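Chemist: Handing you this structure, nothing more for now.
The values are calculated or read from the model by the stated rules, or taken from the named source; none is laboratory data. Only a predicted model underlies this, so the values are computations on that prediction, with no experimental measurement involved. Cβ placement follows ideal geometry from the backbone for every residue including glycine, while neighbour counts extend to all protein chains displayed. Note: accessible area is taken over every heavy atom of the protein model, side chains too, but ligands, DNA and RNA are not part of it. Shrake-Rupley method; radii C 1.70, N 1.55, O 1.52, S 1.80 Å.
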Amino acid sequence: MDKYWVWLSSVPEITPEAFDRLIEACGSARGVWQARESSLSQLLAPRMRQSLLEARTKEWAFRLFESLERLGIACITRLDEAYPSSLKEIYDPPATLFVRGNPDLDFSRALAVVGTRRPTRDGARAARELSAAIAAHGVAIVSGLAMGIDAMAHRGALDAGGRAVAVLPGGPDNILPRENCALAQEILDSGGSLVSERPPGARVYASSYPARNRIISGLCPAALIVEAGRKSGAMITASLALEQSREVFAVPGSIYSDACKGSNSLIADGAAPALDEWCVLEPMGWATKPGAKAQAEAPVALSEEELRVVQPLRNEIFNTEELAEITKISWERLNYLLTTLELRGIIIKVAGGGYRAIR
């Protein structure tokens with residue numbers, strides 16, 4: 001690891017463009033550390049130059065590398081073989097990726113899943129179910145750890161025992177919103193990753209989100225948009241994906257919902273509609289093996305009692321109390337059936353304590 005490179009990419013105010021300009025002019029990141037202040041004045045705007053000079057001390061660098069070690073953060077620079085090949089292709093790839101958790105980000109299969117922070121019930125269900133079904137085929141699910149669709153996409157990947165990757169707008173230790181701290185820990189515990197181009201302790205600004213979005217789309221050969229308004233971060237991600245020559249899919253939504261106007265417009269402009277997981281898996285060549293669709297859709301063997309539980313859950317989400325009323329099965333027996341059906345992968349438990357059938 002080139003420590004000077006990591007140091008330079010950690011300096012506040014230094015954009016990817018400014019980083020590359022400095023490297024070209026000074027020959028290396030070490031050359032930037034050693035450059036005269038007068039030389040830097042010709043390369044950087046006053047605010048950037050001041051930030052760089054403040055960071056160009058042994059004390060500042062020591063604090064940086066101490067925090068990286070203490071938090072167990074891996075640094076993957078553009079000089080490293082481990083740097084994601086798909087990310088190198090974009091216009092302004094991050095100089096360094098700061099990663100908590102699994103540092104392997106050079107995916108053969110990865111899907112960006114993004115959408116509104118205030119989804120409808122159907123939108124949240126679509127994000128979670130599609131992400132789970134796609135992750136089951138060895139596809140990493142990449143999103144931004146925001147409330148709403150992002151969180152549901154991560155949950156879906158975790159439901160399937162798949163790879164979840166969250167790209168953060170601030171430092172890899174700065175989890176926003178705070179309500180998703182537990183979800184972030186679940187991602188780490190499952191072998192997933194928290195990724196940022198900013199170092200630990202980095203704050204979040206309005207400009208941090210579009211910058212984050214280019215990494216989400218850049219890591220993946222395809223993006224799935226679920227319920228996005230016309231002027232939204234998800235639509236920015238969709239635009240970035242198209243600029244990066246990624247495939248774009250969108251879940252159709254109600255024509256009366258403002259939350260769906262952007263995603264519906266993508267379909268009108270030529271994005272492939274995602275009616276089920278196969279609408280993504282088959283065009284991308286990600287179906288696990290020939291005939292996988294037929295195998296996945298083969299009916300499962302259920303007893304008459306199990307069917308009484310599963311059938312209502314194929315259309316709606318119900319909690320235990322509601323199921324007890326619908327099925328007329330005793331609480332003790334119903335809890336046993338719910339547990340066994342969940343272990344067999346026929347139903348899953350969703351946020352709020354309800355259940356839904358996935359087979």
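Chemist: Scan the stretch 317-343 for residues that are within 20 Å of Glu129 (Cβ to Cβ) and exposed (fewer than 13 other Cβ atoms within 10 Å of the Cβ) and jot them down.
Modeler: Correct list: Leu343 only.
Chemist: Which residues, taken from the stretch 236-268, are under 21 Å from Glu89 (Cα atoms), open to solvent by less than 30 Å² (accessible area, probe 1.4 Å) and hydrophobic (A, V, I, L, M, F, W, C)?
Modeler: Ala238, Ala241, Val248, Phe249
Chemist: Restricting to the stretch 26-50, name every residue that is in contact with an Asp or Glu (Cβ under 9 Å, 6 or more places away or on another chain), small (Gly, Ala, Ser) and at pLDDT below 95.
Modeler: Once the filter is applied, which keeps residues that are in contact with an Asp or Glu (Cβ under 9 Å, 6 or more places away or on another chain), small (Gly, Ala, Ser) and at pLDDT below 95, the stretch 26-50 yields only Ala45.
Chemist: Can I ask one more? If I ask for residues that are assigned to a strand (DSSP E or B) and within 15 Å of Met284 (Cβ to Cβ), which ones from the stretch 236-251 would you list? Walk me through it before giving the result.
Modeler: Looking only at the stretch 236-251, we keep the residues that are assigned to a strand (DSSP E or B), and these are 247-251.
Listed by number, the residues that qualify are Glu247, Val248, Phe249, Ala250.
Chemist: Check Arg212 against each of (1) over 24 Å from Leu275 (Cα atoms); (2) open to solvent by less than 10 Å² (accessible area, probe 1.4 Å) and name the one condition it does not meet.
Modeler: If we test Arg212 against (1) over 24 Å from Leu275 (Cα atoms); (2) open to solvent by less than 10 Å² (accessible area, probe 1.4 Å), just (2) comes out false.
Chemist: Taking only pairs six or more apart or across chains, which ones have beta-carbon atoms under 9 Å, a first residue in the stretch 1-23 that is under 19 Å from Phe65 (Cα atoms), and a second residue that is open to solvent by 70 Å² or more (accessible area, probe 1.4 Å) and among the acidic types (Asp, Glu)?
Modeler: Listed pairs, sorted by first residue: Val11/Glu54; Pro12/Glu54.
Chemist: Could I ask something else about it? What is the number of the single condition among (1) within 22 Å of Leu188 (Cβ to Cβ); (2) among the polar types (S, T, N, Q); (3) open to solvent by 20 Å² or more (accessible area, probe 1.4 Å) that Ser86 does not meet?
Modeler: Every listed condition holds for Ser86 apart from (1).
Chemist: Tell me which residues, restricted to the stretch 212-243, are closer than 18 Å to Ser86 by Cα and in contact with a Cys (Cβ under 9 Å, 6 or more places away or on another chain).
Modeler: Just the residues of the stretch 212-243 that are closer than 18 Å to Ser86 by Cα, to begin with: 212-224, 237-243.
The one that is closer than 18 Å to Ser86 by Cα and in contact with a Cys (Cβ under 9 Å, 6 or more places away or on another chain): Ala241.
Chemist: Also: Just to verify a result, which residue in the stretch 24-52, among those that are among the charged types (D, E, K, R) and free of Cβ contacts under 8 Å to residues at least 24 places away in the same chain, is surrounded by the fewest Cβ atoms within 10 Å (Cβ to Cβ)? Break it down into steps so the answer makes sense when it comes.
Modeler: Quick first cut of the stretch 24-52, residues among the charged types (D, E, K, R) only: 24, 30, 36-37, 47, 49.
After this cut, where a residue has to be free of Cβ contacts under 8 Å to residues at least 24 places away in the same chain as well, the list is 24, 36-37, 49.
Values: Glu24: 9, Arg36: 7, Glu37: 10, Arg49: 18.
For the stretch 24-52, the residue satisfying everything is Arg36.
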